[in-house]
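Right, one structure below, let's go through it.
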Amino acid sequence: WTARDEAVVWHPFTQHTTWAGDEPTVVASAEGPWLTDVDGRRLLDGVSSLWTTTVGHCHPRVNEEVKRQLDTLDHATFLGSTHRPGIELSEMLVERAPRSAERSLEKVFYAGDGSSAVEVALKMAYQFSAQSGRARPDFVRLQHAYHGDTLGAVSVGGHDLFHSTYKPLLLTTVGAASPGDRANGPDRVAHAEADLERIMAERGEDVCAIIVEPLMQGAAGMFDYDASYLRTARRLADEHGALLIFDEVATGIGRTGSMWAANRAGVVPDMLTLGKGVTAGYLPLSAVLTSQRVYDAFLARPGDTGPRTFFHGHTYTANPICCAAAIANLKVMEEEGVLDQAAALGERLGGLLDGFAGDDRVAEVRRVGTMTGVEVADQGPRTGFDVCQAAREHGVWLRPLGNTVILMPPLNLGVSETELMIEALAKGLDDVFG
Ligand code: PMP
């Protein structure tokens with residue numbers, strides 16, 4: 001299988017490293033937190049198959065709902081028609097969206113994956129500014145941000161590896177300091193808040209949106225930060241008439257131990273992107289939740305000379321089978337108490353990872369709920385990769401981001417499996433550091 005794969009398949013990100021040994025695992029089946037390869041070897045899926053399998057693989061109830069939907073309605077365009085799963089999922093998302101006395105998210109716009117949801121949010125924010133009076137050209141993006149790899153999403157990213165090759169990129173953006181940037185020392189949050197104050201004072205009237213991954217910058221290296229930054233961003237966006245976008249593609253759907261990082265932070269954005277875990281890893285589906293105010297700016301008004309339509313919509317938008325998987329996932333999460341399990345899992349992970357305190361092979365452990373990065377001491381660019389390879393030999397599938405080993409298991413992972421995951425990491429460190 002690996003030879004046949006190598007002959008014809010081009011994998012995202014992982015294939016063209018010059019490091020030997022990154023042979024893909026050939027996955028044959030999966031159940032709960034376990035993957036089984038074609039040789040019958042079981043591996044614990046410590047990263048939820050790229051942070052998606054919220055309730056574990058092939059959950060019987062999600063399987064059942066997906067099969068039922070498959071026999072009922074496979075696909076119907078969302079352009080000019082609608083369907084029960086699309087409506088029901090929207091209702092469920094709006095009911096569960098973050099809200100405060102002043103702000104709520106009332107409308108759902110579907111997209112296909114996390115990157116596309118970010119594209120939607122960016123295009124919507126720009127068009128919203130134009131339709132509210134004056135087109136504002138700029139987006140504020142953070143150092144160390146990752147919002148996906150389509151060109152708009154790359155434009156608002158803040159990681160050179162993904163960013164620099166494609167310059168000059170598509171959007172005008174202004175880079176802001178990251179509140180999670182360790183290079184700025186213990187005052188990094190205050191430093192980033194001051195930087196955002198400065199940017200907004202200088203050019204706030206040209207900013208249509210500030211986009212952030214709330215509480216944890218994930219895919220560029222797992223940099224957590226304090227909610228006070230989000231309160232400052234909320235205030236500055238309001239003061240300058242800009243929108244605040246929370247990209248919760250990674251942090252949403254219970255990953256931080258709350259349904260949304262926005263809930264944990266107590267800050268409600270004007271738009272929220274979600275993806276990954278929403279369908280429990282079954283099928284691609286993402287969405288942007290927006291406020292009524294944003295939606296209303298797209299309604300036709302008397303005297304309009306041109307359309308206000310939002311010019312976006314993909315062929316498979318809101319595919320009913322994807323929606324059915326998401327509905328089933330949200331129901332399982334609630335009926336099986338998965339948010340409580342996620343909160344407990346986060347605590348358990350924290351407790352076990354405390355065992356690495358003072359271990360000079362571990363540079364830093366960064367965690368918000370179950371969203372965890374273990375930065376290993378740098379022995380060159382592939383140390384993190386080598387630790388993950390070694391952990392795989394001990395039965396646990398992990399993947400690095402640079403030298404940070406990511407732990408993002410299913411939210412309902414059991415106690416013994418959590419211990420196994422940390423043990424495999426410890427043994428991986430022993431193997432690599434000797
Ligand atoms: N936003 C964030 C915060 C993400 O973590 C990711 C994926 N890691 C994306 C967007 C892009 O999602 P996708 O890979 O589904 O396009």
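The values are calculated or read from the model by the stated rules, or taken from the named source; none is laboratory data. The structure presented is a predicted model; accordingly, all values stated were derived computationally and were not measured. We place every Cβ from the backbone using ideal geometry, glycine too, and count neighbours over all the protein chains shown.
Under the condition of being more than 11 Å from the ligand (Cβ to nearest atom), closer than 18 Å to residue 405 by Cα and in a loop (DSSP other than H, G, I, E, B), the residues counted in region 211-232 number 1. Yes or no: region 96-108 includes at least one residue that is within 16 Å of the ligand (Cβ to nearest atom) and under 26 Å from residue 308 (Cα atoms). No, every residue in region 96-108 fails to be within 16 Å of the ligand (Cβ to nearest atom) and under 26 Å from residue 308 (Cα atoms). Just one of the listed residues (121, 145) is touching an Asp or Glu at 6+ places or on another chain (Cβ under 9 Å) and in a helix (DSSP H, G or I), and it is 121. Against the list (1) within 20 Å of residue 215 (Cβ to Cβ); (2) exposed (fewer than 15 other Cβ atoms within 10 Å of the Cβ); (3) within 15 Å of the ligand (Cβ to nearest atom), the condition residue 161 fails is (1).
Screening residue 379 against (1) over 26 Å from residue 113 (Cα atoms); (2) in contact (Cβ under 8 Å) with a residue 24 or more places away in the chain; (3) not in a loop (DSSP other than H, G, I, E, B) leaves a single unmet condition, (3).
Total residues in region 223-249 satisfying the condition of being within 25 Å of residue 190 (Cβ to Cβ) and under 11 Å from the mean Cα position of the chain (by Cα): the figure is 3. Tally up the residues in region 280-314 that are at pLDDT below 95 and of a type in the set (S, T, N, Q), please. The qualifying residues number 2. The single condition among (1) farther than 30 Å from residue 313 by Cα; (2) assigned by TED's automatic domain parsing to the domain that holds residue 341; (3) loosely packed, with under 13 Cβ neighbours inside 10 Å that residue 33 does not satisfy is (3).
The condition of being part of a helix (DSSP H, G or I) and in contact with a His (Cβ under 9 Å, 6 or more places away or on another chain) does not hold for residue 92. Note on region 233-264: among residues that are away from the ligand (no atom under 15 Å from the Cβ) and polar (S, T, N, Q), the one that is surrounded by the most Cβ atoms within 10 Å (Cβ to Cβ) is 258.
Here the condition is being out of contact with any strand residue (DSSP E or B) (no Cβ under 6 Å at 6 or more places or on another chain), among the charged types (D, E, K, R) and not assigned by TED's automatic domain parsing to the domain that holds residue 398; of 41, 99, it holds for 99 alone. Just one of the numbered conditions (1) among the small types (Gly, Ala, Ser); (2) part of a helix (DSSP H, G or I); (3) out of contact with any Leu (no Cβ under 8 Å at 6 or more places or on another chain) is not true of residue 180: (2).
To keep it simple, each residue is scored yes or no on (1) part of a helix (DSSP H, G or I); (2) in contact (Cβ under 8 Å) with a residue 40 or more places away in the chain.
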position: 149; (1), (2): no, no
position: 154; (1), (2): yes, no
position: 157; (1), (2): no, yes
position: 168; (1), (2): no, no
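Checking each residue in region 274-303 for being touching a residue at least 24 places away in the same chain (Cβ under 8 Å) and more than 16 Å from the ligand (Cβ to nearest atom) picks out 290, 291, 292, 294, 295, 297, 298. Just so you know, in region 140-151 the residues that are of a type in the set (A, V, I, L, M, F, W, C) and buried (at least 24 other Cβ atoms within 10 Å of the Cβ) include one that is nearest to the ligand (Cβ to nearest atom), and it is 145.
Residue count for region 85-103 under the criterion of being touching a residue at least 12 places away in the same chain (Cβ under 8 Å) and surrounded by 13 or more Cβ atoms within 10 Å (Cβ to Cβ): the result is 13.
Selection within region 40-75: residues that are under 27 Å from the mean Cα position of the chain (by Cα) and small (Gly, Ala, Ser). The member of this set that is farthest from the ligand (Cβ to nearest atom) is 56.
The residue that is surrounded by the fewest Cβ atoms within 10 Å (Cβ to Cβ), among those in region 304-326 that are of a type in the set (S, T, N, Q) and touching a residue at least 12 places away in the same chain (Cβ under 8 Å), is 315.
The strands (runs of 3 or more DSSP E) found wholly in region 241-359 and carrying at least 1 residues that are more than 28 Å from residue 75 (Cα to Cα) occupy 243-247.
Across region 368-382, the number of residues qualifying as among the polar types (S, T, N, Q) and either within 18 Å of residue 353 (Cβ to Cβ) or buried (at least 21 other Cβ atoms within 10 Å of the Cβ) (or both) comes to 2. Residue pairs whose Cβ atoms lie under 9 Å apart, sitting 6 or more positions apart in sequence or on different chains, and linking a residue in region 410-434 that is of a type in the set (Ser, Thr, Tyr) to a partner that is not in a loop (DSSP other than H, G, I, E, B), are 418/345; 418/348; 418/349; 418/352.
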